[in-house]
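One structure is given below, encoded as structure tokens.
The values are calculated or read from the model by the stated rules, or taken from the named source; none is laboratory data. Because the structure is predicted, anything quoted here is derived from the model rather than measured. Every residue, glycine among them, receives a Cβ derived from its backbone with ideal geometry; neighbour counts consider all protein chains shown.
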Amino acid sequence: MERRLRAVGWCLLALASLASSVAGQRVGRARGWVRANVGGGGWFERIRMGSDGTMVACSDLAGAYVSRDGGAHWSCVGPARGLEETHVGCAAFDPADPSIVFLGTEQGVFRSADGARSFARTLASGYVESIAVAPTDSSVVYAAWHPGFDSLNPAVQRSGDGGVTWAPVSIDLPSNLRLLKLLVDRGNPDRLFAFSGSSRFRAGPVDLLRSDDGGAHWVSIGGTFGGRIVDVALDPFDPMRLWCSVDDPNPDARGHLYRSDDRGGSWTELARRGGAIWLDVETPGTIRMIEARYLYPWDPREGIFESSQGGSAGTFQKKSSVTTWDSGWSTAPWAFNATSLHGALAPHPLDASRMVWVTTQFVFGTRDGGASVEPLYTRRLGSGPNPRYRSTGIDNVVVVDIDVSDADPDLVTAAFFDLGIWRSFDGGHSWSAANDAIHSGAWGGAGGNSWFVVSDPAQWGVVWAGQGDDPYGPMTLLRSSDAGSSWSAVGAGLPAVPLLGLSLDPGSPPGMRTLFLTAGGDVWRSTDDGNTWTRVLVEGGLRFTAVDRFDSGIVYAGGEDGLWASLAGGNPGSWSEVGTAAMRGGQGGEPDSSWEGVFDIEPDPSVPGGLWVAAVGTGKGLFQSADHGTTWTKVLSGDFLRTVALDPLHPNHLVVGGSSAFDSGGWEPGSPGVLESSDRGASWHPLRRGLAWPFALDLALDPADPSRVFLASPGAGIHILEPSSPKK
């Protein structure tokens, strides 16, 4: 193993040049962030594929992801490319020109004219569930618009100039609907169909409607189905023909496939086959069906079914089963289930062999008409019982903590919402799961929720983490002695609540470490490696803890109730508030996107008495004390600062990060991303290169080379800022 700045034998004549190089490297010049994830996450709402094969996947925290090579690689689209909304609900391509791409977001429509390389907002407001471009006149574009993300009262917006300008056109559309999907007639740009029902955020009546005058007036053509429609498709060869799949009244039974040859005026049942409709664009009469809500190995409806005889009864044959599909790293039985049947599946518009779909967490695809299915979100590296995985670049995750082991900097462990606990044995370049099947609740080891992961600085593989089914529900404290390959439940005495902010006293003896954490807003202490715990401070509004690097008797805790300290090793009765009033927040409970207060506490590793605190919220920022919190200096102002990392080898070097987004929430112009200082906070240099979104929840420095920085970013996930000569 070779690391930058670890070599010896530099000649004296090169010292000045080296100093200049290291200083430039430390402030991030000529370096950029590289994403380093396992792949997947969630939530992915919809996906679309253009006629040139370009794919656009819609996420709820990281904007849009774009692939130009069949899903082998993905790039994340954010503010630097013109997209200013983290929540993207839908996408659409111009069928005549795939370089024109539309995104429907929680605040209007964004349009690209260069193949999704850059975007501009063309509709300023409203939650857009679906966008449809007229096949015969791509200057005509429609959008399914709602006043808010959880609203009914829809409107159809129409553009006559290719999506550059918009105007509402619907006159008599029922106000109690949630529009899910728009389809434009293949022969008449003024005729369109609207499918309504229940979305992720709001339920409404299920119906199928048609407009023959450009979206102004509407009639129902789906009333005969009793509110059980699940998908609608237009025939690629006959403009008069519609296809509709309908659930059976018995929820465990197969659905029904219907066809209309008069644009929905009348319907004929063809077969007992439900789910998503995949029409072959090359061969008339070939139709595939995927019951993508029930892709469980035990469900008789699972798999992909094909009819080459127009969907007639008895002609569907099973092309493949989920038991033969590759799910990537996920072991969850629900891994293949699509997010919805109204946009989560996207056939290639010209190539009948190709189709992709998104689930709440993953992306899958087929290149052979459904005979096989592969993951498009991750790659498996190596074989054997403990495989490693690396992301293809589509990572919509909430990673809240990242730990680089002092005992072995190649061992990196991360805590996520939903994905749980993951570890890397090669410095973050590949990952393997470390979730506990018992204590991850309904995830069963296929995921989980954790707020922290902490490694022992002197013992390889000794790690503590909290884990549970829900980030805001009961959790169990776990301890591992093999880097998360196996876990033991510890934490006797702790309440069944979310566990946050674990810290370790490095001066305590290995094997009998003194630990602190918060549970229910109170501070708890263990003096036996986490096995048993006692409450040492009843306060109710503290979420994070830290132990002084030079004096184990000084312990800190912070949260919405500000910053507190004990000068007696955390003993009961020894605590007092030492922070300023500006560090306090108002909202109680575990942090979420609107929470304010102390988010990070970092005792200085180089200066006795030194202490740094990042507080998130209006008028807050980064604070520094040289006397254990007796006096304070506000070093950096900002509403979204959340984390600070201090270089133990170079006292003037520090990195701070912040994010307007957390587990939800969007981009705000004041969201700082990552800033670096080489003069102890007197001046700052932004580290933006390679960041799709300026979001940072946690930062960690490689202890062997602090110029190597790890970033936990909500949405785009884990990033690494490598030295100029990266580790091998």
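State which residue is nearest to Pro686 (Cα to Cα) when the search covers only segment 27-82 and only residues that are β-branched (Val, Ile, Thr) and modelled with pLDDT of 95 or more.
Step one: of segment 27-82, the residues β-branched (Val, Ile, Thr) are 27, 34, 38, 47, 54, 56, 66, 77.
Adding the requirement that they be modelled with pLDDT of 95 or more leaves 34, 38, 47, 54, 56, 66, 77.
Details: Val34: 16, Val38: 26, Ile47: 33, Thr54: 32, Val56: 29, Val66: 26, Val77: 19 Å.
Here the residue is Val34.
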Given (1) under 16 Å from the mean Cα position of the chain (by Cα); (2) under 26 Å from Ser139 (Cβ atoms); (3) small (Gly, Ala, Ser); (4) outside any strand (DSSP E or B), number of the condition Ala62 does not satisfy
(2)
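Kindly check whether there is at least one residue in segment 184-192 that is in contact (Cβ under 8 Å) with a residue 12 or more places away in the chain, surrounded by fewer than 19 Cβ atoms within 10 Å (Cβ to Cβ) and under 34 Å from the mean Cα position of the chain (by Cα). Can you show your working first?
Here is the first cut: in segment 184-192, the residues in contact (Cβ under 8 Å) with a residue 12 or more places away in the chain are 184-192.
Then drop every residue that is not surrounded by fewer than 19 Cβ atoms within 10 Å (Cβ to Cβ), which leaves 187-188, 190.
From the residues that got through so far, the ones that are under 34 Å from the mean Cα position of the chain (by Cα) too are none.
No, because not a single residue in segment 184-192 is in contact (Cβ under 8 Å) with a residue 12 or more places away in the chain, surrounded by fewer than 19 Cβ atoms within 10 Å (Cβ to Cβ) and under 34 Å from the mean Cα position of the chain (by Cα).
Is it true that Trp443 is under 19 Å from the mean Cα position of the chain (by Cα) and buried (at least 23 other Cβ atoms within 10 Å of the Cβ)?
Values: under 19 Å from the mean Cα position of the chain (by Cα): yes; buried (at least 23 other Cβ atoms within 10 Å of the Cβ): no.
No.
If we scan segment 684-694, do we find a residue that is part of a strand (DSSP E or B) and in contact with a His (Cβ under 9 Å, 6 or more places away or on another chain)? Give the steps one after another, and end with the answer.
Narrowing segment 684-694 to residues part of a strand (DSSP E or B): 685-686.
Filter once more, so that each one left must be in contact with a His (Cβ under 9 Å, 6 or more places away or on another chain): none.
So far as segment 684-694 goes, no, none of its residues is part of a strand (DSSP E or B) and in contact with a His (Cβ under 9 Å, 6 or more places away or on another chain).
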Answer with yes or no whether Thr360 is in the same structural domain as Gly53 (by TED's automatic domain parsing) and either closer than 22 Å to Arg200 by Cβ or buried (at least 22 other Cβ atoms within 10 Å of the Cβ) (or both).
yes
Inside segment 111-121, can you point out the residues that are touching a helix residue (DSSP H, G or I) at 6+ places or on another chain (Cβ under 9 Å) and either over 16 Å from Arg48 (Cα atoms) or assigned to a loop (DSSP other than H, G, I, E, B) (or both)?
Ala116, Arg117, Ser118, Phe119
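In a strand (DSSP E or B), hydrophobic (A, V, I, L, M, F, W, C), more than 25 Å from Phe201 (Cα to Cα) and touching a residue at least 40 places away in the same chain (Cβ under 8 Å): which single residue out of Val34, Val56 fits that description? So that I can check it myself, show each step before the final result.
On the way: Val56 fails: more than 25 Å from Phe201 (Cα to Cα).
It is Val34.
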In this structure, is Asp212 surrounded by fewer than 16 Cβ atoms within 10 Å (Cβ to Cβ) and either outside the structural domain of Val109 (by TED's automatic domain parsing) or without any contact (Cβ under 8 Å) to a residue 40 or more places away in the chain (or both)?
yes
Considering only segment 230-274, state which residues are polar (S, T, N, Q) and surrounded by 14 or more Cβ atoms within 10 Å (Cβ to Cβ).
Ser245, Ser260
Just checking, which of Gly665, Gly670, Gly690 is surrounded by fewer than 20 Cβ atoms within 10 Å (Cβ to Cβ) and closer than 25 Å to Ile421 by Cβ?
Gly665
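If I filter segment 139-146 for residues that are crowded, with 18+ Cβ neighbours inside 10 Å, out of contact with any Lys or Arg (no Cβ under 9 Å at 6 or more places or on another chain), at pLDDT 95 or above and among the aromatic types (Phe, Trp, Tyr), do I get at least one hit? Lay out the reasoning, then the answer.
Kept after step one, since they are crowded, with 18+ Cβ neighbours inside 10 Å, are these residues of segment 139-146: 140-146.
Adding the requirement that they be out of contact with any Lys or Arg (no Cβ under 9 Å at 6 or more places or on another chain) leaves 145.
If we keep only those that are at pLDDT 95 or above too, we end up with 145.
In the following step, the residues that additionally are among the aromatic types (Phe, Trp, Tyr) were identified as 145.
Within segment 139-146 (the criterion being crowded, with 18+ Cβ neighbours inside 10 Å, out of contact with any Lys or Arg (no Cβ under 9 Å at 6 or more places or on another chain), at pLDDT 95 or above and among the aromatic types (Phe, Trp, Tyr)), the answer is yes, since at least one residue qualifies.
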What number of residues within segment 649-660 satisfy the criterion of being in a loop (DSSP other than H, G, I, E, B) and either of a type in the set (Val, Ile, Thr) or within 12 Å of Trp693 (Cα to Cα) (or both)?
2
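Is it the case that Glu560 is within 31 Å of the chain's Cα centre (by Cα), buried (at least 16 other Cβ atoms within 10 Å of the Cβ), over 16 Å from Gly609 (Cα atoms) and modelled with pLDDT of 95 or more?
Numbers: within 31 Å of the chain's Cα centre (by Cα): yes; buried (at least 16 other Cβ atoms within 10 Å of the Cβ): yes; over 16 Å from Gly609 (Cα atoms): yes; modelled with pLDDT of 95 or more: yes.
Spelling it out, Glu560 is indeed within 31 Å of the chain's Cα centre (by Cα), buried (at least 16 other Cβ atoms within 10 Å of the Cβ), over 16 Å from Gly609 (Cα atoms) and modelled with pLDDT of 95 or more.
Might you let me know whether segment 347-355 holds any residue that is in a strand (DSSP E or B) and either among the aromatic types (Phe, Trp, Tyr) or within 25 Å of the chain's Cα centre (by Cα) (or both)? Spell out the reasoning first.
Of segment 347-355, the ones in a strand (DSSP E or B) are 347, 355.
Keeping just the survivors that are either among the aromatic types (Phe, Trp, Tyr) or within 25 Å of the chain's Cα centre (by Cα) (or both) gives 347, 355.
Checked against the condition, which is being in a strand (DSSP E or B) and either among the aromatic types (Phe, Trp, Tyr) or within 25 Å of the chain's Cα centre (by Cα) (or both), segment 347-355 yields at least one hit.
Go through Val56, Val101 for me and flag whichever is under 20 Å from Trp166 (Cα atoms) and touching a Phe, Trp or Tyr at 6+ places or on another chain (Cβ under 8 Å).
Details: Val56 fails: under 20 Å from Trp166 (Cα atoms).
Checking each option against the conditions leaves just Val101.
Looking at segment 613-648, which of its residues are in a loop (DSSP other than H, G, I, E, B), touching a Gly at 6+ places or on another chain (Cβ under 6 Å) and under 19 Å from Trp684 (Cα atoms)? Before the answer, list the steps.
The first filter runs over segment 613-648 and keeps only residues in a loop (DSSP other than H, G, I, E, B), leaving 617-620, 626-632, 638-640, 647-648.
Cutting the leftovers down to touching a Gly at 6+ places or on another chain (Cβ under 6 Å) gives us 617, 626-628, 638-640.
Matches in segment 613-648: Gly638, Asp639, Phe640.
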Are any residues in segment 230-282 free of Cβ contacts under 8 Å to residues at least 40 places away in the same chain and among the aromatic types (Phe, Trp, Tyr), and if so, which ones?
Tyr258
Among the strands (runs of 3 or more DSSP E) lying completely within segment 126-194, list those that include at least 2 residues that are under 15 Å from Arg111 (Cβ atoms).
127-133, 141-146, 155-159
In the set Glu676, Glu668, which member is in a strand (DSSP E or B), of a type outside the set (A, V, I, L, M) and either in contact with a helix residue (DSSP H, G or I) (Cβ under 8 Å, 6 or more places away or on another chain) or outside the structural domain of Trp74 (by TED's automatic domain parsing) (or both)?
Glu676
Residue, nearest to the chain's Cα centre (by Cα), within segment 670-726, restricted to residues that are more than 21 Å from Pro603 (Cβ to Cβ) and polar (S, T, N, Q):
Ser713
Sole miss for Ser321 among (1) closer than 28 Å to Thr268 by Cα; (2) surrounded by fewer than 14 Cβ atoms within 10 Å (Cβ to Cβ); (3) touching a strand residue (DSSP E or B) at 6+ places or on another chain (Cβ under 9 Å) is condition (1)
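Looking at segment 296-310, which of the residues that are touching a Ser or Thr at 6+ places or on another chain (Cβ under 9 Å) and not in a strand (DSSP E or B) is nearest to Asp248 (Cα to Cα)? Steps first, answer last, please.
So the first thing to find is which residues in segment 296-310 are touching a Ser or Thr at 6+ places or on another chain (Cβ under 9 Å), and the list is 297, 302-304, 306-310.
Now drop any that are not not in a strand (DSSP E or B), which leaves 297, 302-303, 308-310.
Working: Pro297: 21, Glu302: 16, Gly303: 18, Ser308: 24, Gln309: 23, Gly310: 21 Å.
Ranking the qualifying residues of segment 296-310, first place goes to Glu302.
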